[in-house]
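Participant: Supplied in structure tokens, the structure appears directly below.
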Amino acid sequence: MATKKIKIAVLSGKGGTGKTFLSVNLASVTQNSVYIDCDVEEPNGHLFFKPQNLQTENVTVKVPFVDPARCTGCRKCVEFCKFNALAYIQGKWMLFDEICHSCGGCVLFCPEKALTEKNRIIGSVQKGVSEDITVMSGILKIGESSGIPIINKLLHMAQDMDENIFIDCPPGSACIVMESIKDADYCLLVAEPTLFGMHNLKLVYELISLFKKPHGVVLNKCIEAVNPSEEFCKAKKIRILAKIPFDKKLGELNSNALIVSRENMEYAQLFSALWQKIAEEVHNEAAFDSKR
Amino acid sequence: MVYDIKYNQGGYVMKIAIPVEEKSSSTKICISFGRTPYFLVFDDAKKEYNFLENTAAESRGGAGVKAAQFIVDNKVDVLLTPRCGENAAEIFNTAKVKLYKTINDSVEDNLKAFSEGKLELLQEVHPGFHHGN
């Protein structure tokens, strides 16, 4: 069947829940897929894929700089900057570039035209291949506060790729996650079987509900006990797509940076079945939308 | 609160600022420089003190930069503070405002220690407690 390709974002409320585990394995069982690591503060998907033929490109943002000969010290720029990235101290114009949000307002407001913009490197994007999979990672420079421009760059690079795309999101539910899921057709939430895990699931669930994204949950690290995350899903009528056991085999493969579905048939089948379910859900959703 | 601040560590001090919690003479020193609600400013030339509201306290980001600009604009020479972020420290360095590390949360103890030359210069600046983006 000729089907539209899907963009799936994998999220969780905290780190270490299994976002990378899920997205790496889902990408692995899907032919010619694209894996995008948007966890730019500590991308780790590449450790599993070990991509070849790496191409690296810097990501820059615009920051203002001053022509001291033109600056009269009127401070219009300092007053304008809502992020307080500018100061004017004893005749010296000062920029604190890691606070600057690159809005460009100070340049527009300067009555003396003393400000112009220059590029500042905040990180990079890498693209490579691992078997038939395209692997892309964003890397934020240490000390930088916002990885959003890097995520935008990654998603822009993937825009024209007509393949199924798996987006490994940063943890949490902040702006950077919103940026990562905004173009996704489907959001896959991963949750741990603890009260803390349930609380984090609730946070991301609220976020994706706000975005009105089709979604489902994978319960990870399941043991024979009460699962608060599962109870939350039942109460909210959220579809549980798979349960992955707390399995020593998985821990061993993961800690050796091996891709489980390339090493273990049983789990390869679990991930293939999960992918099938997600694909069906997305296509049903699309069919439902077209009837509305 | 009347203090005779004889400054003996490199020149005469006109104005001293301290981040404080409340607008009252019994106030404690505030642990945050950038987001302190008030600055207590002593003017040694006029022998008076004022509470200045810190307009940077409610900033979404860059509170340290804005508060430092505010301190410099108020012609403060010396700041007594428990800590200071690196951006604010860069501003103070440019403006030649001296930073001294407070020894406890009492305004009185610290002013006394300062006037006796017992406070040490603040050596460590922290990289900031920046919130989300």
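Participant: Residues B:Leu99, B:Leu80: which one is under 24 Å from A:Glu98 (Cα atoms) and more than 14 Å from every other protein chain (Cβ to nearest Cβ)?
Facilitator: Step by step, each of B:Leu99, B:Leu80 is checked, and only B:Leu99 is under 24 Å from A:Glu98 (Cα atoms) and more than 14 Å from every other protein chain (Cβ to nearest Cβ).
Participant: Of all residues in segment A:150-191, count the ones that are part of a loop (DSSP other than H, G, I, E, B), of a type in the set (Asp, Glu) and closer than 23 Å to A:Phe49 by Cα.
Facilitator: Total meeting the criteria: 3.
Participant: Would you check which residues across segment A:62-86 are of a type in the set (Val, Ile, Thr) and more than 12 Å from every other protein chain (Cβ to nearest Cβ) and list them?
Facilitator: Answer for segment A:62-86, where residues must be of a type in the set (Val, Ile, Thr) and more than 12 Å from every other protein chain (Cβ to nearest Cβ): A:Val63, A:Val66, A:Thr72.
Participant: Specify the residue that is surrounded by the fewest Cβ atoms within 10 Å (Cβ to Cβ); the eligible residues are those in segment A:180-207 that are farther than 22 Å from A:Lys277 by Cα and touching a Gly at 6+ places or on another chain (Cβ under 6 Å).
Facilitator: Ranking the candidates gives A:Leu203 first.
Participant: In segment A:1-115, which helices (runs of 4 or more DSSP H) lie fully inside it and hold 1 or more residues that are among the hydroxyl-bearing types (Ser, Thr, Tyr) and modelled with pLDDT of 95 or more?
Facilitator: Fully inside segment A:1-115 and qualifying: A:19-28.
Participant: Let me ask something additional. If I ask for residues that are hydrophobic (A, V, I, L, M, F, W, C) and more than 8 Å from every other protein chain (Cβ to nearest Cβ), which ones from segment A:87-118 would you list?
Facilitator: Correct list: A:Trp93, A:Leu95, A:Cys100, A:Cys103, A:Cys106, A:Val107, A:Leu108, A:Phe109, A:Cys110, A:Ala114, A:Leu115.
Participant: Answer with yes or no whether A:Pro170 is surrounded by 15 or more Cβ atoms within 10 Å (Cβ to Cβ), under 17 Å from A:Thr20 (Cβ atoms) and either without any contact (Cβ under 8 Å) to a residue 40 or more places away in the chain or within 14 Å of chain B (Cβ to nearest Cβ) (or both).
Facilitator: yes
Participant: Hey, another quick one. Would you check if there is a residue in segment B:86-102 being farther than 30 Å from A:Gly143 by Cβ and of a type in the set (S, T, N, Q)?
Facilitator: No - not one qualifying residue is present in segment B:86-102.
The values are calculated or read from the model by the stated rules, or taken from the named source; none is laboratory data. Everything quoted here is computed from the prediction, not taken from an experiment. Positions of Cβ are generated from backbone atoms using ideal geometry, with glycine treated the same way; all protein chains shown enter the neighbour counts.
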